[in-house]
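Trainee: If you scroll down you'll find the structure; I have some questions about it.
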């Protein structure tokens, strides 16, 4: 049997594929134009860093047995490692952790490209992407809590860390999604499950259709969320705070994250129990 010839890609070819895939994806998911330097200078520079560095990693990985899912797992593990390092009371560990957390998304940007050129695209890869993001989010919250504990010698920040992770884990809306998918997966009568679900898309679940309230809701959802630019902002504050001058603002950010998480938790309870977000009855 004739062995299938493996096709390797040059850096130039990988860049062309990568840019053609990622620019529309970022515009669609985040409503940001990676080519618009004037409106989004940080996104322009950071995305270029991700794109070029991930292309280099994929170029090297194509000659090995490294898979796209290995890239994704590396992304998740680096999130854990970086968060552990900033939790340690040592300047060199904190600096190393900040660098890891700032650059780990290179693997997240590269896994899709590696999957495409190796023919490894799968639903499992998409699942691991989301899982890696959740792992990074939870561990970063814990790492930031320990950093603030070491800075202030105040156990309150450890309690806040526990509460944030607890509220994120117990979000009723997310649990409703999980249990309904589990029921759909395990039952033979899938039509019965689908009939019980409220699949009609709703634009908003607020009781009063007020633009002001809707804008407040969106602000709470988006300001200092789990996206890379929010994490990068906090990483910058940690760097300045640890190596140059004391920034008490970080502590208030942590209180805000707790408040934001609590409000989203209560909002999830409300739309699930009162507005029948997922179930009809």
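Trainee: Specify which of the listed residues (240, 247) is surrounded by fewer than 18 Cβ atoms within 10 Å (Cβ to Cβ), out of contact with any strand residue (DSSP E or B) (no Cβ under 7 Å at 6 or more places or on another chain) and either in contact (Cβ under 8 Å) with a residue 60 or more places away in the chain or in a helix (DSSP H, G or I) (or both).
Mentor: Criteria check complete, one pass: 240.
Residues checked against (1) modelled with pLDDT of 80 or more; (2) surrounded by fewer than 16 Cβ atoms within 10 Å (Cβ to Cβ); (3) assigned to a helix (DSSP H, G or I):
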| position | (1), (2), (3) |
| --- | --- |
| 173 | yes, no, yes |
| 181 | no, yes, yes |
| 185 | no, yes, yes |
| 203 | no, yes, no |
| 217 | no, no, yes |
| 233 | yes, yes, yes |
| 258 | yes, no, yes |
| 266 | yes, yes, yes |
| 276 | no, yes, no |
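Trainee: Test of understanding: among 157, 71, 149, which residue is buried (at least 18 other Cβ atoms within 10 Å of the Cβ) and free of Cβ contacts under 8 Å to residues at least 40 places away in the same chain?
Mentor: 149
Trainee: Sticking with this structure for a sec: I'm told residue 137 meets every condition in (1) surrounded by fewer than 17 Cβ atoms within 10 Å (Cβ to Cβ); (2) out of contact with any helix residue (DSSP H, G or I) (no Cβ under 7 Å at 6 or more places or on another chain); (3) assigned to a helix (DSSP H, G or I); (4) at pLDDT 90 or above except one. Can you identify the failing condition by its number?
Mentor: (1)
The values are calculated or read from the model by the stated rules, or taken from the named source; none is laboratory data. Note that this is a predicted model, so its numbers are computed, not measured. Here the Cβ is made from the backbone with ideal geometry for all residues, glycine too, and neighbour counts use every protein chain on show.
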